[in-house]
Amino acid sequence: MKSEQGDPIPLWERSEPAVRPAPSPLSRDNIVRSAIALADSEGLSAVSLRKVASSLDAGAMRLYRYLSTKDELLDLMADAVYGEIVSEGPIVGEWRDTLRTIANRIRSACREHPWFIELLGGRPHMGPNALAMLEASFAALNDSPGFDTVDASMQAIRTVNAYVIGAVQAENSDLKNSMSKADWQKVWWPYLERLIATGNFPMLAKIIRDASHPSPDIIFDTGLETVLDGLGSQISR
């Protein structure tokens, strides 16, 4: 959709089409809610304009009055999740607390909506809620010692976001491929035992024998603290 001057109009600045009383009222909000419910239950690959329309008892062509492409639907879905993150309240505290809050809120959103992971780290999210999240993050760091320039804040937020994206992607992969300890041992242990018996994998043998295999929460928190320690060292220099 374009303005009178021929310039593209961003999705969030387009007016809603007039509500039709029949056969079933639609709005961007209930389209997005339906798409999120579908993604939560069946995964992002299951989301299509046809399926979303069907869940709303509407024809797919009616959805094109509210958005133009599936990518726009994904943008709206992502921004709705950012809205949930922003609704958790202000981000406050010293810089380490601020970055912990950002990291944990994103991780929690990914646990609530596993498909959201697939939309992180790609093209920039420019919806109003995504920008509100970004604004709140920078505002929280703005007066912190060591963050005298916006470049320092950008570097810190980028670093933490990169860690969070990698960590939640690994967690999600583990969940998708999870099997019981007994099943894992049945499938893999004879093979690993043969490899270890060769003597060529002493570190692998040590990992199997001595590693504590902590919970996902401990792994995430430990990795995050390592990242924050690195940022702290940089700030102190």
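Some points to look at:
- Candidate set: the range 1-49, residues that are surrounded by fewer than 11 Cβ atoms within 10 Å (Cβ to Cβ) and closer than 30 Å to Ser173 by Cβ; chosen: the one modelled with the highest pLDDT: Ser41
- Residue check, Ser173 at pLDDT below 90, assigned to a helix (DSSP H, G or I) and under 30 Å from Glu112 (Cα atoms): yes
- Verdict on Ser108 being surrounded by fewer than 19 Cβ atoms within 10 Å (Cβ to Cβ), small (Gly, Ala, Ser), under 16 Å from the mean Cα position of the chain (by Cα) and closer than 23 Å to Glu171 by Cβ: yes
- Scope the range 200-224; condition loosely packed, with under 10 Cβ neighbours inside 10 Å and either of a type outside the set (A, V, I, L, M) or not in a loop (DSSP other than H, G, I, E, B) (or both); matching residues: Asn200, Pro202, Met203, Arg209, Asp210, Ser212, His213, Ser215
- When the residues of the range 113-144 are filtered to those that are free of Cβ contacts under 8 Å to residues at least 60 places away in the same chain and under 22 Å from Glu42 (Cα atoms), the one that is surrounded by the fewest Cβ atoms within 10 Å (Cβ to Cβ) is Gly122.
- Of the listed requirements (1) in contact with a helix residue (DSSP H, G or I) (Cβ under 9 Å, 6 or more places away or on another chain); (2) closer than 27 Å to Asn161 by Cβ; (3) not hydroxyl-bearing (Ser, Thr, Tyr), Leu49 misses just one: (2).
- Residue pairs whose Cβ atoms lie under 7 Å apart, sitting 6 or more positions apart in sequence or on different chains, and linking a residue in the range 212-237 that is touching a residue at least 40 places away in the same chain (Cβ under 8 Å) to a partner that is among the aromatic types (Phe, Trp, Tyr), are Gly223/Tyr163; Leu224/Tyr163; Val227/Tyr163.
- Qualifying residue in the range 58-80 (condition: in a loop (DSSP other than H, G, I, E, B), farther than 19 Å from Ala132 by Cβ, out of contact with any helix residue (DSSP H, G or I) (no Cβ under 7 Å at 6 or more places or on another chain) and in contact (Cβ under 8 Å) with a residue 60 or more places away in the chain): yes
- Residue in the range 118-137 that is modelled with pLDDT of 90 or more and either of a type in the set (Val, Ile, Thr) or in contact with a Cys (Cβ under 6 Å, 6 or more places away or on another chain) (or both) present: no
- Every condition in (1) in a helix (DSSP H, G or I); (2) buried (at least 17 other Cβ atoms within 10 Å of the Cβ); (3) in contact (Cβ under 8 Å) with a residue 60 or more places away in the chain holds for Thr159 except the one numbered (2).
- In the range 87-111, the residues that are assigned to a loop (DSSP other than H, G, I, E, B) reach residues that are β-branched (Val, Ile, Thr) with C-beta atoms within less than 9 angstrom, at least six apart or across chains, in these pairs: Glu88/Thr101; Ile91/Thr98; Ile91/Thr101; Ile91/Ile102; Val92/Thr98; Val92/Thr101; Gly93/Thr101.
- Residue count for the range 112-141, restricted to those that are under 16 Å from the mean Cα position of the chain (by Cα) and either among the acidic types (Asp, Glu) or in a helix (DSSP H, G or I) (or both): 12
The values are calculated or read from the model by the stated rules, or taken from the named source; none is laboratory data. Keep in mind the model is a prediction, meaning the values are calculated, not measured. In this analysis, Cβ positions are derived from the backbone assuming ideal geometry, glycine residues included, and neighbour counts consider all displayed protein chains.
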